[in-house]
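Peer 1: Got a structure for you, questions after.
The values are calculated or read from the model by the stated rules, or taken from the named source; none is laboratory data. Predicted model, so just to flag it, every value in this text is computed and none were measured. Quick reminder, even Gly has a Cβ in these numbers, built from the backbone with ideal geometry, and neighbours come from all protein chains shown. Ligands, DNA and RNA are stripped out before the accessible areas are found, and what is left, the full protein with its side chains, is counted by its heavy atoms. Shrake-Rupley method; radii C 1.70, N 1.55, O 1.52, S 1.80 Å.
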Amino acid sequence: ASSSRAHGAEANGATNVNGGGMVFDRELGFGVLDAEAAVKLAAHWTAQSTAQNEVHVSAAFDLPQSFDGTSQELEVEIGAQGTHGFSIDFVELSLEISDPLLKQLSIELVSPSGTRALIAPNLRAAGNKTYLDFKFSSVATWGEDVAGTWKVILKHPANSPSFKILDAQLDIYGDLVDNNN
């Protein structure tokens, strides 16, 4: 991701830069592989990110008492992690939902930096199902700090009667960053 060439970023003014300074596109990810840049970066890379030093932050969204069948926004506050910065690698969003119009539901995750990750533009693949218990993942916030208010925005094009969020959980994985080096 750090050595890729952001496809079209120069032409479009790079309006899709996340809070970690990375250009991210839902269709193209972090851009086009640049093998030469990756090899040059690897030759000087000193950071070690493994399962041994991975940091996991978990938080449950507070669920409202009543639900709007057209649009629902959930929030959770996550504090700073230790005395070092926290650099996100990826995020998992677990949702349990009961919804008669599940296939029309759009899901978006918004980071504290303002990066908007479209998790699902709709759930047409759900077909006629009315219940979802699924864990979505995203790397759109790679390199961002974890601290602040996270939001999940759930929308329908029209009112969905009996729409209810049963559970919503955010799991964030990343590394502590020493800002003094």
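Peer 1: Assess whether L95 counts as being modelled with pLDDT under 95 and part of a strand (DSSP E or B).
Peer 2: no
Peer 1: Which ones in region 133-155 are open to solvent by less than 30 Å² (accessible area, probe 1.4 Å) and at pLDDT 95 or above?
Peer 2: If the condition is that a residue be open to solvent by less than 30 Å² (accessible area, probe 1.4 Å) and at pLDDT 95 or above, then F136, W150, V152, I153, L154 are the ones that fit.
Quick grid of which residues meet (1) closer than 15 Å to G174 by Cβ; (2) assigned to a loop (DSSP other than H, G, I, E, B); (3) over 11 Å from the mean Cα position of the chain (by Cα):
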| residue | (1), (2), (3) |
| --- | --- |
| P112 | yes, yes, no |
| I119 | no, no, no |
| N122 | no, yes, yes |
| L132 | no, no, yes |
| K135 | no, no, yes |
| A140 | yes, yes, no |
| G143 | yes, yes, yes |
| T149 | no, no, yes |
| V152 | no, no, no |
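Peer 1: From E108, E75, grab the single residue that is open to solvent by 70 Å² or more (accessible area, probe 1.4 Å), among the acidic types (D, E) and in contact (Cβ under 8 Å) with a residue 12 or more places away in the chain.
Peer 2: Numbers: E108 fails: open to solvent by 70 Å² or more (accessible area, probe 1.4 Å).
Among E108, E75, only E75 is open to solvent by 70 Å² or more (accessible area, probe 1.4 Å), among the acidic types (D, E) and in contact (Cβ under 8 Å) with a residue 12 or more places away in the chain.
Peer 1: From (1) in contact with a Gly (Cβ under 9 Å, 6 or more places away or on another chain); (2) modelled with pLDDT under 90, pick out the condition that doesn't hold for R116.
Peer 2: For R116, the exception is condition (1).
Peer 1: Could you say whether any residue in region 79-94 is more than 20 Å from E54 (Cβ to Cβ) and touching a residue at least 40 places away in the same chain (Cβ under 8 Å)? Reasoning before the result, please.
Peer 2: To start, the set of residues in region 79-94 that are more than 20 Å from E54 (Cβ to Cβ) comprises none.
No, region 79-94 contains no residue that is more than 20 Å from E54 (Cβ to Cβ) and touching a residue at least 40 places away in the same chain (Cβ under 8 Å).
Peer 1: Just checking, how many residues over region 83-110 are touching a Pro at 6+ places or on another chain (Cβ under 9 Å) and of a type in the set (A, V, I, L, M)?
Peer 2: The number of residues fulfilling the criteria is 2.
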